[in-house]
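These notes are about the structure you will find just below.
The values are calculated or read from the model by the stated rules, or taken from the named source; none is laboratory data. Bear in mind the structure is a predicted one, so any value in this text is a computation, not a measurement. Heavy atoms of the whole protein, side chains included, go into the accessibility calculation; ligands, DNA and RNA do not. Shrake-Rupley method; radii C 1.70, N 1.55, O 1.52, S 1.80 Å.
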Amino acid sequence: MLDLKTMKSALEQLEEERKIPKEKIIEAIEQAMAAAYKKDYGKKGQIIRAKFDMETGQTDFYQVKIVVDESIVKIPKEGEEENEEEYDIQEDGDERPRFNPEHHILLEDAKKMKKDVELNDEMIFMLEQKDDYGRIAAQTAKQVIIQRIREAERTSIMDEYGTKEGEIISGVVQKIERGNLY
């Protein structure tokens, strides 16, 4: 289990030093946890989201399914073999994605659960809690967090200095990392 005090102080430090909003960092953690969950426990085509609670340190996982019908996806007929290709272009030029029960839910089935559901809506289903991840899933999570923090940092810098383009400003170079000056 994560030490929440340490995590909160790390978030505050990132927010202060790198000017990254805490919400962006928590969003990165949620995406990383969802990626790790999918890596170890997910199935092909699943959309998995995570919701991290900063107060308890608990992460809830959800599977998202898109509401579809025959106009949006190609539903395999009885006895038709499953093709690994999600986009299987037929001779008649049909480019609709193939129905995947891990990614899609048919409108008629969705209406049984929620009366006012419409096409392309998202249906959310709670997933089982998992706390033990393999090495590769942990590495995936780490990479997602690093990537999202870099993106947020870049956005923060562009917001701060993007309007000053063409102006001369003074500053102090604190470090040089991979060709970037800080």
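General remarks:
- Helix axis angle, 22-41 relative to the chain longest principal axis, alpha carbon, degrees: 40
- Counting only DSSP H runs of at least 4 residues, each contributing -39500 (n - 2.57), and dividing by the residue count of the chain, the helix-based mean residue ellipticity at 222 nm comes to -12500 deg cm²/dmol.
- Pairs from Lys24/Lys142; Lys39/Lys142; Lys51/Lys115; Lys65/Lys130; Lys44/Lys65 whose Cα-Cα separation, in the structure shown, is over 18 Å: Lys51/Lys115; Lys65/Lys130
- Scattering profile of segment 99-148 at q = 0.23, 0.28, 0.32 Å⁻¹ [log10 I(q)/I(0), Debye over alpha-carbon scatterers]: -0.85, -1.05, -1.21
- By the equivalent-ellipsoid construction on the alpha carbon gyration tensor, segment 116-182 comes out with semi-axes of 39, 23, 8 Å, ordered largest to smallest.
- Average accessible surface for the chain: 72 Å² per residue, computed with a 1.4 Å probe over protein heavy atoms with every protein chain in place.
- Gaussian network model of the chain, springs between alpha carbon atoms under 10 Å - residue of Lys39, Lys22, Lys115 with greatest fluctuation: Lys115
- Among the protein heavy atoms of the chain, carbon and sulfur supply 49% of the accessible surface, probe 1.4 Å, non-protein parts ignored.
- Based on Cα atoms of the chain, Rg over Rh with Rh as the Kirkwood radius reads 1.09.
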